[in-house]
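J.: My questions all concern the structure below.
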Amino acid sequence: MVDTTILPPADRFEFWYALVAQETVPVHITSARLDDFVAYAQAIDLGRIRLTSLRYPSLNASRPAGLVRQAEADIYQLTLPLTGRSTLVQDRTETTLVAASQFTLLDTARPYIARHHTDGPGLATTITVQIPYSALPLPQDRLRRLQATPVPSHLGVAGLLVHHLRSIAAHPEQYEAAQAEMLGGVALDLLAATLAQHLDTEDTLSPETRHTALRARVVDFIDRHLGSAELNPRSVAAAHHISLRSLHRLFEAEATTAAELIRAKRLERCRRDLGNPLHLRHPVHVIAARWGFTDKAHFSRLFRARYGRSPQAYRMAMLRREQ
């Protein structure tokens, strides 16, 4: 984590200026807060892509043609504002993104303007991802249609992509260096699927990318319907218009099945609720039913097999620990 407050106020903006050029691409930056530029940044290498989490005061950034020629970069930049107001301009397209609800793509090999402003006295927060041209299996001339245009970040595969990026940015310490390539690969597949969907070019994606995107959609669907007694492999397959055989293939690499995944996730939700003092007045069978277990005895057997003790014994052990 880079924190400009460790420097004298007079040195902070120049340091930030150089840092942005190093971690993203060189741009011209202006701000009304030059005398005391408080900002934070964290860069995370994810194999072929690089994620940067930024917090900063209101500023304007531009990458004019002259700067593009001086520092060429065959890189796309995904820009996802989490707070504040961000306006992006490229190739005569201008858009103001809704924080935490939209992202856009910029081509750093072409001039652009970015204006980021805070809502009040706090800092603006943005996640950016640097993506080499070669990492996105989509035609560049088609991708140009999406530059500086808003992409909803809370729907479908885009929602899964943004959740993935925000989780990495929020807790990078939870991931080992050896996992970076895998995390970056998942992000690339989800991004490619999102952009292809908007361009209506999904049939051009590789089988591997389509597989990753479909699996992510399936897992998200399972997470959102765990409380439904109707959730089972057959209903999951039907919701995604695939056969049961195709559904099982999605999980072959992990040596599990859709049914096992559903059961494990339901048990974990029950374990979490049983250990929460706020749910103490809820009987065990009510918590079990909330997460799709309608047979109390069957639930108890499954819980004991997974966690080594009965649901009630687990609850009491957690309560004693809290005392």
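The values are calculated or read from the model by the stated rules, or taken from the named source; none is laboratory data. If you're wondering where the values come from, they're calculated on a predicted model, not measured in any experiment. Every residue, glycine as well, gets a Cβ built from its backbone with ideal geometry; the counts of neighbours run over all protein chains shown. With ligands, DNA and RNA removed, areas are computed over all heavy atoms of the protein, side chains included. Shrake-Rupley method; radii C 1.70, N 1.55, O 1.52, S 1.80 Å.
J.: Determine Rg/Rh for the range 115-272; Rg is computed over alpha-carbon atoms and Rh is the Kirkwood hydrodynamic estimate from the same atoms.
T.: Ratio of gyration radius to Kirkwood radius for the range 115-272: 1.00.
J.: State the Cα centre-to-centre distance between the range 203-272 and the range 152-201 in whole Å.
T.: 17
J.: Follow-up. If I require 20 Å or longer along the helix axis, counting alpha carbons, and a Kyte-Doolittle average no lower than 0.5, what helices from the chain are left? Use full DSSP H segments.
T.: Those that clear 20 Å and a mean of 0.5 are 156-170, 180-199.
J.: Using only the alpha-carbon atoms of the range 132-219, report the extent along each of the three principal axes, biggest first, to the nearest angstrom.
T.: 37, 28, 26
J.: Counting only helical runs of four or more DSSP H residues, what would the 222 nm mean residue ellipticity of the chain come to if each run contributes -39,500 (n - 2.57) and the total is spread over all its residues?
T.: Only helices count here, giving -13000 deg cm²/dmol.
J.: For the chain, just the Cα set please: Rg and Dmax, both in angstrom.
T.: Looking at the chain, its Cα Rg and Dmax stand at 23.3, 72 Å.
J.: In the chain, which longest range has no trypsin sites (Lys or Arg not before Pro) that are both DSSP loop (not H, G, I, E or B) and surrounded by at most 10 other Cβ atoms within 10 Å?
T.: Result, exposed sites excluded: 93-280.
J.: Shifting gears a bit: Given the range 79-144, what whole percent of its Cα pairs are spread farther than 14 Å?
T.: So the portion of pairs separated by more than 14 Å is 60 percent.
J.: At a probe radius of 1.4 Å, what is the per-residue accessible area of Met1, in Å² to the nearest 10?
T.: 150
J.: Using alpha-carbon positions, what is the distance between the centroids of the range 76-120 and the range 21-48, in Å?
T.: 15
J.: Can you check how the C-alpha radius of gyration of the range 206-323 compares to 2.2 N^0.38 Å, as a plain ratio?
T.: Normalised Rg, Cα atoms only: 1.21.
J.: Tell me which of Thr4, Ala259, Leu78 sits at the most positive position along the dipole axis of the chain, charges placed on C-beta atoms (Lys, Arg +1; Asp, Glu -1).
T.: Ala259
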